1. May I ask you to verify whether residue 50 is modelled with pLDDT under 95 and closer than 17 Å to residue 101 by Cβ?
2. For segment 67-88, what are the residues that are over 20 Å from residue 47 (Cα atoms), open to solvent by less than 60 Å² (accessible area, probe 1.4 Å) and assigned to a strand (DSSP E or B)?
3. I'm checking my understanding of the structure. Among residues of segment 16-29 that are open to solvent by 40 Å² or more (accessible area, probe 1.4 Å) and part of a strand (DSSP E or B), which one is modelled with the lowest pLDDT?
4. Test residue 95 against the stated conditions and say whether it is modelled with pLDDT under 90 and either assigned to a loop (DSSP other than H, G, I, E, B) or touching a Phe, Trp or Tyr at 6+ places or on another chain (Cβ under 9 Å) (or both).
5. How about segment 89-109: which of its residues are open to solvent by 10 Å² or more (accessible area, probe 1.4 Å) and of a type in the set (Val, Ile, Thr)?
6. Just the residues that are without any contact (Cβ under 8 Å) to a residue 60 or more places away in the chain and farther than 13 Å from residue 39 by Cα, please, taken from segment 90-116.
7. Please determine whether any residue of segment 79-89 is in contact with a Cys (Cβ under 7 Å, 6 or more places away or on another chain) and touching a residue at least 12 places away in the same chain (Cβ under 8 Å).
8. Please find, within segment 44-66, the residue that is farthest from residue 34 (Cα to Cα) out of those that are part of a loop (DSSP other than H, G, I, E, B) and without any contact (Cβ under 8 Å) to a residue 12 or more places away in the chain.
Amino acid sequence: VGAGADGTPGLVFNPQVITAAVGDLINFEFHGGNHTVTQSSFANPCTQQFNTVTQQNGFTSPFMPYDAASGQIGVFTLEVTQTANPIWFFCARKPHCKGGMYGAINPPTTGEKTFAAF
């Protein structure tokens, strides 16, 4: 998954929708700017997810800088541990999420909670 890579706009994950199996490793590569990948929820797309049962926040990467001079890209790797529920994510750098920098892993393709509705 790239952010700002290969001619795509800087404020987008490419691709925005990922289909993955349990055990898959997803590499988020940041090719421009300074970004995060942060877990959200369908109900609150631009807010870090908080699990009221476990009292824990969803995952978040540190800010992943891109060094244009060296060409070094920031990479954050996420292992898919379940497929029963979609994983919604966004960039926590304001205002990137509202600018379109969000995505999902295994979102439903039908019903009320599709990626298009997100």
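The values are calculated or read from the model by the stated rules, or taken from the named source; none is laboratory data. Keep in mind the model is a prediction, meaning the values are calculated, not measured. With ideal geometry, Cβ positions are generated from the backbone for all residues, glycine too; neighbour counts draw on all protein chains shown. Remember, those area values only see protein heavy atoms, side chains included, never the ligands or the DNA or RNA. Shrake-Rupley method; radii C 1.70, N 1.55, O 1.52, S 1.80 Å.
1. On the way: modelled with pLDDT under 95: yes; closer than 17 Å to residue 101 by Cβ: no.
No, not satisfied.
2. Selection gives 74 alone.
3. 29
4. Working: modelled with pLDDT under 90: yes; either assigned to a loop (DSSP other than H, G, I, E, B) or touching a Phe, Trp or Tyr at 6+ places or on another chain (Cβ under 9 Å) (or both): yes.
Yes: the conditions hold for residue 95.
5. Of everything in segment 89-109, just one residue is open to solvent by 10 Å² or more (accessible area, probe 1.4 Å) and of a type in the set (Val, Ile, Thr), namely 109.
6. At the first step, the residues of segment 90-116 found to be without any contact (Cβ under 8 Å) to a residue 60 or more places away in the chain are 90, 92, 94-95, 97-98, 108-112, 114, 116.
Result: 94, 95, 98, 108, 109, 110, 111, 112, 114, 116.
7. The answer is no, given that none of the residues of segment 79-89 is in contact with a Cys (Cβ under 7 Å, 6 or more places away or on another chain) and touching a residue at least 12 places away in the same chain (Cβ under 8 Å).
8. Quick first cut of segment 44-66, residues part of a loop (DSSP other than H, G, I, E, B) only: 44-49, 52-55, 58-59, 61-63, 66.
Right, trim to without any contact (Cβ under 8 Å) to a residue 12 or more places away in the chain and you get 44, 47, 52-55.
On the way: 44: 22, 47: 18, 52: 30, 53: 32, 54: 30, 55: 28 Å.
The selected residue is 53.
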